[in-house]
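Encoded as structure tokens, the structure appears first; notes follow it.
Please treat every number below as a calculation from the coordinates, not as lab data. All values reported here derive from a predicted model rather than from experimental measurement. Positions of Cβ are generated from backbone atoms using ideal geometry, with glycine treated the same way; all protein chains shown enter the neighbour counts.
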Ligand code: XMP
């Protein structure tokens with residue numbers, strides 16, 4: 001029978017046998033899969049593991065700092081922090097097509113990954129947080145050339161931090177490949193990962209770049225970061241964080257509407273609130289959150305976020321909508 005402890009024991013033994021005294025590289029995203037993997041590998045092989053966190057500049061406010069601090073100071077697992085935001089911003093400059101945007105971010109991730117792994121290496125192994133659903137799905141799916149990730153039905157090309165760069169010569173280590181998501185959470189918890197990571201809402205690989213509809217610019221990122229922070233703060237405060245699959249803000253920077261503030265006319269961008277419930281992200285329903293919560297979020301965003309004068313609510317389920325807007 002499967003128990004968390006027996007799984008960890010067995011996985012640690014296998015990893016040690018496979019790796020010996022060689023070195024392993026892991027791309028950390030801050031999500032539950034790559035974080036659990038980092039804990040497991042660190043337990044097994046200690047400083048033969050190198051964790052690399054590539055900041056593409058599309059993370060939420062305070063997130064890169066928080067992640068690095070958690071790993072260094074609380075978990076005592078070293079992380080190589082790579083700030084590549086200039087490179088990613090340059091890649092998406094002028095790009096408005098969602099697929100093109102995703103592809104460019106995916107390619108740039110591979111470029112940065114390649115050069116940084118050379119700089120920090122050499123490495124013998126690449127660790128990936130592949131889960132069982134990815135393994136069983138792989139039978140009749142395609143590999144997305146942009147991201148190296150298996151995609152089932154190509155509605156959006158997915159980009160995952162840790163997605164295998166197709167032409168890198170590493171041997172793969174995938175200790176989580178027999179686990180479902182809920183089992184990963186249990187393993188992560190048993191290894192000491194805090195709830196903050198284990199119960200975190202999903203966040204897409206391309207990050208805020210796919211929540212700015214149209215061209216991504218530093219100014220737009222700043223607006224969205226500020227709005228997103230308010231959504232997160234208020235959803236947390238209301239106690240509904242764990243009831244929601246995701247709750248986030250989307251910026252429509254090509255639309256402006258008229259408003260009034262004090263006795264001044266305003267002409268600024270709308271923020272869309274996207275809040276959904278879901279079991280697995282494949283289907284989703286818009287969340288019936290309390291009006292009070294909507295009211296607080298709306299008031300705070302319009303008052304506190306410069307450049308925004310209107311907040312609207314997305315009430316589309318998936319299907320026919322998708323959770324993200326791009
Ligand atoms: P959609 O928008 O397709 O999203 O309904 C379904 C779930 O997947 C997340 N998502 C991503 N996750 N890389 C990821 O790791 C991606 O490129 C990506 N795109 C969407 C989305 O946040 C939702 O939870």
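Express in whole angstrom the spacing between the alpha-carbon centres of segment 232-302 and segment 1-57. About 36 Å separates the Cα centre of segment 232-302 from the one of segment 1-57.
Comparing 44, 127, 227 in a Gaussian network model of the chain, where Cα atoms under 10 Å apart are tied by springs, the biggest mean-square fluctuation is seen for 44.
Each listed q (0.10, 0.21 Å⁻¹) maps to a log10 I(q)/I(0) for segment 212-313 from the Debye sum over equal C-alpha point scatterers, namely -0.28, -1.09.
Using C-alpha pairs under 8 Å with a sequence gap of at least 6, the mean separation divided by the residue count of segment 178-326 gives a relative contact order of 22 percent.
Based on the mean of other beta carbon atoms within 10 Å per residue, what is the order of 180-192, 285-297, 21-33, most packed first? Let's see the in-between values first.
Details: 180-192: 17.4, 285-297: 15.3, 21-33: 20.4.
Descending mean neighbour count gives 21-33, 180-192, 285-297.
Normalised by the number of residues in segment 203-276, the average gap of Cα pairs under 8 Å and 6 or more apart makes the relative contact order 29 percent. Summary value for the chain: 16 percent relative contact order, contacts being C-alpha pairs under 8 angstrom separated by 6+ residues. Note on residue 16 and residue 217: their simple-model spin labels are 5.6 nm apart, each label 7 Å out from Cα toward Cβ. Ranked for footprinting exposure by Cβ neighbours inside 10 Å, fewest first, 314, 228 give 314, 228.
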